[in-house]
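Next up is a structure, given as structure tokens.
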Protein chains: 2
Amino acid sequence: MAAEQTSKTIEAYPMKGGDGVHSYANNSSYQREVIGSAKRLITEAIAEKLDVDNFVSSYTYRIADLGCSVGPNTFFAVQNIIEALQFKHQRQGLHSQLPEFQVFFNDHMLNDFNTLFSSLPPNREYYAAGVPGSFYSRLFPNASLHFVFCSYSIHWLSKVPKPVVDKSSPAWNKGRIHYPNSNDEVVKAYQAQHTEDMECFLHARAKEVVCGGLVALIILGRPNGMLHSQSLTIGVLESCLMDMARKGIISEEKLDSFNLPLYCMSPQELEAAVDRNGYFSVERIITELGTVPETQSQKISSNFRAAFEGVIMAHFGYEILDELFDSFGKKFEVEFMTKPMSGSSTIFFALLKRKATS
Amino acid sequence: MAAEQTSKTIEAYPMKGGDGVHSYANNSSYQREVIGSAKRLITEAIAEKLDVDNFVSSYTYRIADLGCSVGPNTFFAVQNIIEALQFKHQRQGLHSQLPEFQVFFNDHMLNDFNTLFSSLPPNREYYAAGVPGSFYSRLFPNASLHFVFCSYSIHWLSKVPKPVVDKSSPAWNKGRIHYPNSNDEVVKAYQAQHTEDMECFLHARAKEVVCGGLVALIILGRPNGMLHSQSLTIGVLESCLMDMARKGIISEEKLDSFNLPLYCMSPQELEAAVDRNGYFSVERIITELGTVPETQSQKISSNFRAAFEGVIMAHFGYEILDELFDSFGKKFEVEFMTKPMSGSSTIFFALLKRKATS
């Protein structure tokens with residue numbers, strides 16, 4: 001257990017903490033819209049798919065938000081889940097005892113839990129706990145969760161695939177920071193890392209979720225049958241980093257050794273991973289949850305910084321951040337005006353149910 | 001539930017966070033000695049008093065450390081509890097399934113959970129969670145804890161008793177910062193606050209602890225039959241604050257409105273509170289756990305700052321801290337050499353067991 005929890009190979013780049021101008025708390029409105037779109041789906045999932053009769057003997061529901069960051073989105077999502085559970089509890093005629101809720105807010109150990117805790121809703125109807133650690137490892141005891149939520153997080157891999165930063169590998173991704181425009185070997189290395197990570201994720205959740213419990217995922221992915229394609233934001237980031245390397249602000253070697261630990265899976269890839277794991281059924285996949293609604297360049301730029309500052313700082317250091325995101329903002333505005341947004345990334349919703357076989 | 005959890009009347013002055021020179025993490029060796037002294041008692045409590053057969057159906061033990069601060073003492077205490085549980089589990093012949101442990105680290109919302117999480121032991125054999133909030137309110141779902149530990153924390157009241165800072169009250173504690181050398185009305189106001197707080201503490205724990213579960217308390221208190229007496233540290237702090245008021249660095253009014261929310265209970269007071277509550281039996285009280293071993297003035301001075309900086313800063317502001325603790329250190333050294341330490345405060349251990357009646 002200890003080894004599973006503290007695997008040293010997992011890299012942690014939490015969203016920007018605190019409540020400052022660049023913080024995730026103040027730059028995550030887009031992710032909130034996504035959660036809003038999934039609200040009805042969550043409510044339906046709980047009403048129709050959750051086997052409450054099996055596990056409400058103590059009338060305590062345990063809920064986890066994996067990759068919750070610092071709020072406020074997580075509080076919004078959790079409130080929705082609790083209302084749906086309360087409604088179901090009433091509808092089933094389980095009036096005798098009011099249910100209680102314990103909510104586990106999970107993110108990397110370096111996530112800003114102090115800010116998260118300070119901003120907990122004062123009138124919350126649940127007992128709150130913070131759980132530090134990667135969701136690619138075990139985080140909870142056996143059969144202890146009834147509902148797991150994970151929104152806009154699982155596209156972060158546990159780490160950069162080793163071959164893409166290995167000069168001697170055919171998958172060495174020289175001069176690029178991501179896989180979409182790279183050769184097949186690079187794409188395969190990312191796919192292999194994703195496969196391994198999904199195995200860890202589902203293995204851990206299969207142990208932690210009670211039989212009949214649900215896992216709801218909101219995934220930044222790509223449609224079935226679609227090839228991987230570079231997002232505008234990452235393309236612009238790559239171009240800005242190249243500019244800085246040309247100017248000598250960062251070394252070319254430093255740039256070559258930088259890759260983003262992100263992978264956009266397709267619904268089919270998710271289904272294949274669930275099949276291989278064997279402990280869950282796919283109850284629902286909704287692919288029309290939304291495309292990335294990149295409507296205001298300034299907003300995208302701020303959201304992007306809040307999410308990516310950590311991973312960039314860990315590699316290049318603190319010093320380059322302001323200059324990088326300043327040029328990013330300017331370049332993005334120009335690109336955003338002139339190029340149509342590529343529509344290949346999509347957000348989909350998936351509902352998994354823990355099978356009764358243990 | 002929400003109201004119980006977020007009572008606005010609870011004042012929070014966590015121990016000094018971070019890992020700096022004045023941090024609690026680096027200035028809590030004395031509290032660690034106390035935990036060390038209680039180690040054998042905890043082991044015996046679990047071996048002899050815990051009814052594991054009743055609640056190990058899932059083989060997950062849930063443990064809480066209330067008022068854990070930022071470590072490392074809490075990790076030391078928790079490890080001891082887990083080893084005792086593992087030993088008991090083996091001795092009972094429950095070999096078929098290895099038990100799992102979930103540990104809830106609780107402290108005020110303003111406690112430095114980021115530092116706590118960063119310093120979690122890497123090879124721990126438990127799932128860790130942080131729970132922000134006052135232990136004078138509900139923190140956990142019904143019947144969800146098997147072992148509650150609370151060391152050197154419960155002498156902190158939930159707040160300063162109102163009458164002692166009310167000019168119109170006969171309990172107004174003008175010119176003093178604590179009750180031991182004050183008139184009877186002041187002592188009574190502190191006693192009343194303590195009675196109310198213990199009622200809240202035991203009421204919450206009665207709901208949270210499973211029948212047969214244990215609550216182990218290490219309490220900075222006073223012996224039965226002994227009057228309250230000022231500790232040397234608090235006496236010196238009072239004198240330093242008075243000096244600052246005389247010099248005009250702080251106003252006299254500010255000093256008059258400052259009182260420490262601390263109360264040293266006796267074992268008899270604890271037993272009376274447990275009786276009034278009715279849900280626990282007192283299984284054991286060990287009064288000889290230790291007297292406050294104030295052996296090195298420099299160490300005491302640092303420990304004192306780590307523990308009291310928060311409550312002083314909240315009232316007087318950040319600016320006075322260095323000057324205050326500088327003069328505190330000097331004055332304490334002199335007093336420490338010339339005066340024998342008063343021996344009226346003591347540390348005692350109490351073991352409560354949740355009765356089977358619900």
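Quick check: is even one residue across segment B:41-62 within 14 Å of another protein chain (Cβ to nearest Cβ), within 24 Å of A:Asn111 (Cβ to Cβ) and open to solvent by 20 Å² or more (accessible area, probe 1.4 Å)?
So far as segment B:41-62 goes, yes, one or more of its residues are within 14 Å of another protein chain (Cβ to nearest Cβ), within 24 Å of A:Asn111 (Cβ to Cβ) and open to solvent by 20 Å² or more (accessible area, probe 1.4 Å).
Pairs only if they're at least six apart or on different chains, beta carbon under 8 angstrom, first in segment A:256-278 and within 20 Å of A:Val209 (Cβ to Cβ), second open to solvent by 30 Å² or more (accessible area, probe 1.4 Å) and of a type in the set (Asp, Glu); list them, first residue then second.
Final answer for the pair search is A:Ala273/A:Glu199; A:Arg276/A:Glu199; A:Asn277/A:Glu199.
Every residue in segment B:129-150 that is part of a strand (DSSP E or B) and at the interface with chain A (Cβ under 7 Å from one of its Cβ atoms), please.
B:Ala129, B:Gly130, B:Val131, B:Pro132
Among the residues of segment A:201-222, how many are open to solvent by less than 50 Å² (accessible area, probe 1.4 Å) and farther than 22 Å from A:Ile42 by Cβ?
Going through segment A:201-222 one residue at a time, the tally reaches 1.
Continuing with this model, one more query. Can you spot a residue in segment B:151-169 that is buried (at least 24 other Cβ atoms within 10 Å of the Cβ), among the hydroxyl-bearing types (Ser, Thr, Tyr) and not in a loop (DSSP other than H, G, I, E, B)?
yes
I'd like the full set of residues that are hydroxyl-bearing (Ser, Thr, Tyr) and within 20 Å of the chain's Cα centre (by Cα), limited to segment B:299-325.
B:Ser301, B:Ser302
So, one more: Select from segment B:112-128 the residues that are in contact (Cβ under 8 Å) with a residue 40 or more places away in the chain, at the interface with chain A (Cβ under 7 Å from one of its Cβ atoms) and more than 22 Å from the chain's Cα centre (by Cα) and list them in ascending order.
B:Arg124, B:Glu125
Mind telling me which of the residues A:Leu145, A:Leu85, A:Leu116, A:Leu139 ends up being open to solvent by less than 30 Å² (accessible area, probe 1.4 Å) and under 20 Å from A:Gln31 (Cα atoms)?
Going through A:Leu145, A:Leu85, A:Leu116, A:Leu139 in turn, the sole match is A:Leu116.
Residues checked against (1) more than 30 Å from A:Gly71 (Cα to Cα); (2) over 16 Å from the mean Cα position of the chain (by Cα):
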| site | (1), (2) |
| --- | --- |
| A:Lys159 | no, no |
| A:Lys162 | yes, yes |
| A:Asn173 | yes, yes |
| A:Tyr190 | no, yes |
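Report, by residue number, each residue of segment A:98-111 that is surrounded by fewer than 24 Cβ atoms within 10 Å (Cβ to Cβ), in a loop (DSSP other than H, G, I, E, B) and facing chain B (nearest Cβ under 9 Å).
If the condition is that a residue be surrounded by fewer than 24 Cβ atoms within 10 Å (Cβ to Cβ), in a loop (DSSP other than H, G, I, E, B) and facing chain B (nearest Cβ under 9 Å), then A:Leu98, A:Met109, A:Leu110 are the ones that fit.
Would you check if there is a residue in segment B:175-193 being in a loop (DSSP other than H, G, I, E, B), open to solvent by less than 10 Å² (accessible area, probe 1.4 Å) and among the small types (Gly, Ala, Ser)?
So far as segment B:175-193 goes, no, none of its residues is in a loop (DSSP other than H, G, I, E, B), open to solvent by less than 10 Å² (accessible area, probe 1.4 Å) and among the small types (Gly, Ala, Ser).
Does A:Arg276 satisfy being of a type outside the set (Phe, Trp, Tyr), outside any helix (DSSP H, G or I) and at pLDDT 90 or above?
No; evaluated as a whole, the condition is false for this residue.
What do you reckon, is A:Phe308 at pLDDT below 95 and either aromatic (Phe, Trp, Tyr) or surrounded by 15 or more Cβ atoms within 10 Å (Cβ to Cβ) (or both)?
yes
When you go through (1) of a type in the set (Asp, Glu); (2) assigned to a loop (DSSP other than H, G, I, E, B); (3) modelled with pLDDT of 95 or more one by one for B:Glu271, which number turns out not to apply?
Result: B:Glu271 fails condition (2) only.
Ok, one more. Taking B:Ile177 as meeting all but one of (1) at pLDDT below 95; (2) more than 17 Å from B:Leu66 (Cβ to Cβ); (3) within 14 Å of chain A (Cβ to nearest Cβ), write down the number of the exception.
Unmet for B:Ile177, out of (1) at pLDDT below 95; (2) more than 17 Å from B:Leu66 (Cβ to Cβ); (3) within 14 Å of chain A (Cβ to nearest Cβ): (3).
Can you name the residue in segment A:244-294 that is in contact with a Phe, Trp or Tyr (Cβ under 9 Å, 6 or more places away or on another chain) and among the hydroxyl-bearing types (Ser, Thr, Tyr) and is also most open to solvent (accessible area, probe 1.4 Å) among such residues?
A:Thr287
Assuming B:Ala314 fulfils every condition listed in (1) in a helix (DSSP H, G or I); (2) in contact with a helix residue (DSSP H, G or I) (Cβ under 8 Å, 6 or more places away or on another chain) apart from one, which condition is it?
(2)
The values are calculated or read from the model by the stated rules, or taken from the named source; none is laboratory data. Computed from a prediction, not measured in an experiment: that's the story for all the values here. Positions of Cβ are generated from backbone atoms using ideal geometry, with glycine treated the same way; all protein chains shown enter the neighbour counts. Side chains are part of the model used for accessible areas, which takes the heavy atoms of the whole protein and leaves out ligands, DNA and RNA. Shrake-Rupley method; radii C 1.70, N 1.55, O 1.52, S 1.80 Å.
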